[in-house]
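In what follows, a single structure is set out as structure tokens and then discussed.
The values are calculated or read from the model by the stated rules, or taken from the named source; none is laboratory data. What you see is a predicted model, and the numbers here were worked out from it, not measured in a lab. A quick note on method: Cβ atoms are made from the backbone with ideal geometry, for glycine too, and the neighbour counts reach across all protein chains shown. Quick note on the areas: whole protein, heavy atoms, side chains included, nothing else; ligands and nucleic acids left out. Shrake-Rupley method; radii C 1.70, N 1.55, O 1.52, S 1.80 Å.
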2 protein chains.
Amino acid sequence: MSAVKTLAAPIPPGGMIGILGGGQLGRMLALAAASLGFKSHVFSDKTDAPAFQVATAKTAAEYTDWTALKTFIEQCDAITFEFENIPAETVEFAAKLAATNPAASALRITQDRIKEKTFVRSLGIGTPAFQTVTSERAAATAFDSLGCAHAVLKTARMGYDGKGQALVGSASEAAHGFALLKQPAILEAYVDFQYEMSVVAARGMNGAFAAYDPPENIHGGGILHRSLVPGRVTEQIAREVKSLTQKIADAFGYVGVLAVEFFVSRDGKLLVNEIAPRVHNSGHWTIEACAVSQFEQHVRAIAGWPLGDPGRHANAVMQNIIGPDANDWAIYAGRGGGLHLYGKSEAKPGRKMGHITTLTPKTH
Amino acid sequence: MSAVKTLAAPIPPGGMIGILGGGQLGRMLALAAASLGFKSHVFSDKTDAPAFQVATAKTAAEYTDWTALKTFIEQCDAITFEFENIPAETVEFAAKLAATNPAASALRITQDRIKEKTFVRSLGIGTPAFQTVTSERAAATAFDSLGCAHAVLKTARMGYDGKGQALVGSASEAAHGFALLKQPAILEAYVDFQYEMSVVAARGMNGAFAAYDPPENIHGGGILHRSLVPGRVTEQIAREVKSLTQKIADAFGYVGVLAVEFFVSRDGKLLVNEIAPRVHNSGHWTIEACAVSQFEQHVRAIAGWPLGDPGRHANAVMQNIIGPDANDWAIYAGRGGGLHLYGKSEAKPGRKMGHITTLTPKTH
């Protein structure tokens, strides 16, 4: 692989931050970049990307339109991406022309559940038991070898928000599930967890690490519904998962914000569920409860700035507003708390339309 | 005066907020509008207005370019302004075509220090003693009739950040000062205050009122340097000044955020210094310390939405970054707290380039 560009010095205010991806994460990244005095250029394959509404400059083109990409990159002082389903090739292309973070290498690993879990285990960090599945027969065999009552069949690549996942309860269900997916998959032992949580953290260009307090996350249908800080997460567990997250970030040589989702199993084990090489839905509460949000923290990291203080001054509950619930915006507007709507035109079922964060006095 | 447009219903997310003025206040209003899912259209008489960098749409034209204004207004669902030095004629023009708040009537009064103080006194609220001055002789006479050791000569109109002000210590200095101003002025008794403070508050379309806790403000050379919440402001004084501010907002039939600056005199009197019919520098700390910032609160008010909770969950110190101090951005970036830089290209002396807010646990 050819050499990648690095920053010679922190980008001064007025610099242009290039963002690949124009959804709500790109939108909130652009807003945070603006707070620090940066301009933003958003590149999206959609013509009505929500982030376009707040960007200083915008390009609508395919992620493999190398000519459009080159023009975009040449106008930016640093490049980042909002989402792990941006093609790794696109990020590799950008990295040759401008300082690009997180690195494509971290993206390639986290885009593939098998590589991701193998990587995590190589660091001595626990994950649910899993088997690679490439055929119906292999799916059935894998189910039997996991030896658990239930397992989750997931596409190896391009899954998010519970898409491309199915809970299966027998070898034949596993085989049938694979027949529907028709692509390389992973079969994971179903973890009967006490709760789920995540660490949203940043690693700077100088290797500095700053983790937000981990929220307890509550999912429904594979989609995050609520994050509670601190929720059921004890101070000791918080310390442990932050430390595991630092190990992962260091191993990647990571620059930017990442999120690591954990299960706390019934028997108290901490198991990595997945890694998102980006700002994360379970970190949205940091906008209200911290002086420096995850979005600002990410911009700081990729611009070569010192990381901000991840301390929080309140407890927080973040609730997603999903699909047609967004039509009740007037009800949300009347509730206390910080309301965020993403500027999406159509409230399709399952689509994240906004979120609302309410604060209460800090306990621990 | 012809009828003004009003909103038939709250503006739904996706609506376009029109902002007259493209400085840092317009920029932060546009960012807050985006958080609520609105688009923004910024109109400025500068071609490199900082707010253009974050606006969905932009128009660069004179405030008296009625053709450009009409095109702008017709694309917006509501109109507001960032600054009281936007011509009242422009706001009156807008009000005929779209719901425009605050009203031009409040703007006309606050644009003129004589009208403003007369209005405040008509509500039974104290101000420093003052005299209208329209000639050198009148200036000298006014100084003698105020009967105080020092007085402040101010242009009646178009002053901000200490511009067009001079401290005078004799009748002849007052006359000389007027000779330099060459425009209608006001001579105010100099108040030997304990401290200065301000109330930033909002009034909604339904008459609801929500005030933030008043900060103590520290000025230097007429420019706000720091706001401290709560600073020296006691809970009792806070209640009193909020109540006086509500009286003023109600008397205006005001819609939006306004700021009322107060002196607390040595003998404990609460005197109104000035009223700003807009979001205010002394309210910037609300971005970090409150779930709903003054900028979001203003957008809520002018969009016909319910006001948000003005409660704060931390103490705060907001420090302005003025002129060439902005070249030290790397030092500010390394400090704890929420850093805001305004995207201005040139760090002229006295120019507000950014601010930084640090939070500490809430005391009272």
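Of all residues in segment B:211-222, which are under 21 Å from residue B:363 (Cα atoms), assigned to a strand (DSSP E or B) and open to solvent by less than 40 Å² (accessible area, probe 1.4 Å)?
First pass over segment B:211-222, keeping only residues under 21 Å from residue B:363 (Cα atoms): B:211-218.
When the remaining residues are screened for being assigned to a strand (DSSP E or B), the result is B:211, B:216-218.
Those that are under 21 Å from residue B:363 (Cα atoms), assigned to a strand (DSSP E or B) and open to solvent by less than 40 Å² (accessible area, probe 1.4 Å): B:211, B:216, B:217.
Give the residue that is farthest from residue B:115 (Cα to Cα), with candidates limited to residues of segment B:243-292 that are acidic (Asp, Glu) and out of contact with any helix residue (DSSP H, G or I) (no Cβ under 7 Å at 6 or more places or on another chain). Write out each step before concluding.
Applying the first criterion (acidic (Asp, Glu)) to segment B:243-292 yields B:250, B:261, B:267, B:274, B:288.
Narrowing further to those that are out of contact with any helix residue (DSSP H, G or I) (no Cβ under 7 Å at 6 or more places or on another chain): B:250, B:261, B:267, B:288.
Numbers: B:250: 17, B:261: 16, B:267: 26, B:288: 35 Å.
Filtering first and then ranking leaves B:288.
Please go through segment A:187-210 and give me each residue that is within 29 Å of residue A:302 (Cβ to Cβ) and either hydroxyl-bearing (Ser, Thr, Tyr) or crowded, with 24+ Cβ neighbours inside 10 Å (or both), ordered by number.
A:197, A:198, A:199, A:200, A:201, A:202, A:203 - these are the residues of segment A:187-210 that are within 29 Å of residue A:302 (Cβ to Cβ) and either hydroxyl-bearing (Ser, Thr, Tyr) or crowded, with 24+ Cβ neighbours inside 10 Å (or both).
Limited to segment A:68-92, what total is found for residues that are within 18 Å of residue A:110 (Cα to Cα) and without any contact (Cβ under 8 Å) to a residue 40 or more places away in the chain?
Summing the residues that are within 18 Å of residue A:110 (Cα to Cα) and without any contact (Cβ under 8 Å) to a residue 40 or more places away in the chain in segment A:68-92 gives 3.
Restricting attention to segment A:18-45, report how many residues are open to solvent by 10 Å² or more (accessible area, probe 1.4 Å) and at the interface with chain B (Cβ under 9 Å from one of its Cβ atoms).
The total comes to 4.
Say whether the condition of being open to solvent by less than 40 Å² (accessible area, probe 1.4 Å) and closer than 30 Å to residue B:311 by Cβ is met by at least one residue in segment B:169-183.
no
Only one of (1) free of Cβ contacts under 8 Å to residues at least 40 places away in the same chain; (2) on the phi > 0 side of the Ramachandran plot is not met by residue A:39, so which one is it?
(2)
Can you find, within segment A:60-93, the residue that is most open to solvent (accessible area, probe 1.4 Å) among those that are more than 22 Å from residue A:7 (Cβ to Cβ) and of a type in the set (Val, Ile, Thr)? Let's see the steps before the verdict.
We begin by selecting, within segment A:60-93, every residue more than 22 Å from residue A:7 (Cβ to Cβ); these are A:60-68, A:83-85, A:87, A:89.
Still in the running and of a type in the set (Val, Ile, Thr): A:64, A:67.
Working: A:64: 80, A:67: 102 Å².
Ranking the qualifying residues of segment A:60-93, first place goes to A:67.
Quick check: is even one residue across segment A:318-329 of a type in the set (A, V, I, L, M, F, W, C) and open to solvent by 40 Å² or more (accessible area, probe 1.4 Å)?
Taking segment A:318-329 as the starting set, the residues that turn out to be of a type in the set (A, V, I, L, M, F, W, C) are A:318, A:321-322, A:326, A:329.
Remaining after also requiring open to solvent by 40 Å² or more (accessible area, probe 1.4 Å): A:329.
Within segment A:318-329, one or more residues are of a type in the set (A, V, I, L, M, F, W, C) and open to solvent by 40 Å² or more (accessible area, probe 1.4 Å).
Filter segment B:46-55 for residues that are more than 18 Å from residue A:50 (Cα to Cα) and out of contact with any helix residue (DSSP H, G or I) (no Cβ under 6 Å at 6 or more places or on another chain); which is least open to solvent (accessible area, probe 1.4 Å)?
By that ranking, first place goes to B:49.
Restricting attention to segment B:67-78, does a residue exist that is under 30 Å from residue B:185 (Cα atoms) and more than 14 Å from chain A (Cβ to nearest Cβ)?
Restricting attention to segment B:67-78, the residues satisfying the condition of being under 30 Å from residue B:185 (Cα atoms) are none.
Checked segment B:67-78: no residue is under 30 Å from residue B:185 (Cα atoms) and more than 14 Å from chain A (Cβ to nearest Cβ).
What helices (runs of 4 or more DSSP H) completely inside segment A:268-364 contain at least 3 residues that are touching a residue at least 60 places away in the same chain (Cβ under 8 Å) and facing chain B (nearest Cβ under 9 Å)?
Values: elements: A:286-289, A:294-302, A:329-333.
Per the criteria, A:286-289.
Name the residues in segment B:46-60 that are of a type in the set (S, T, N, Q) and either within 12 Å of chain A (Cβ to nearest Cβ) or in contact (Cβ under 8 Å) with a residue 40 or more places away in the chain (or both), would you?
Pass one, segment B:46-60, residues of a type in the set (S, T, N, Q): B:47, B:53, B:56, B:59.
Once the filter is applied, which keeps residues that are of a type in the set (S, T, N, Q) and either within 12 Å of chain A (Cβ to nearest Cβ) or in contact (Cβ under 8 Å) with a residue 40 or more places away in the chain (or both), segment B:46-60 yields B:53, B:56.
Inspect segment A:257-274 for any residue being within 17 Å of residue A:317 (Cα to Cα) and charged (D, E, K, R) and give the result as yes or no. Break it down into steps so the answer makes sense when it comes.
Applying the first criterion (within 17 Å of residue A:317 (Cα to Cα)) to segment A:257-274 yields none.
Checked against the condition, which is being within 17 Å of residue A:317 (Cα to Cα) and charged (D, E, K, R), segment A:257-274 yields no hits at all.
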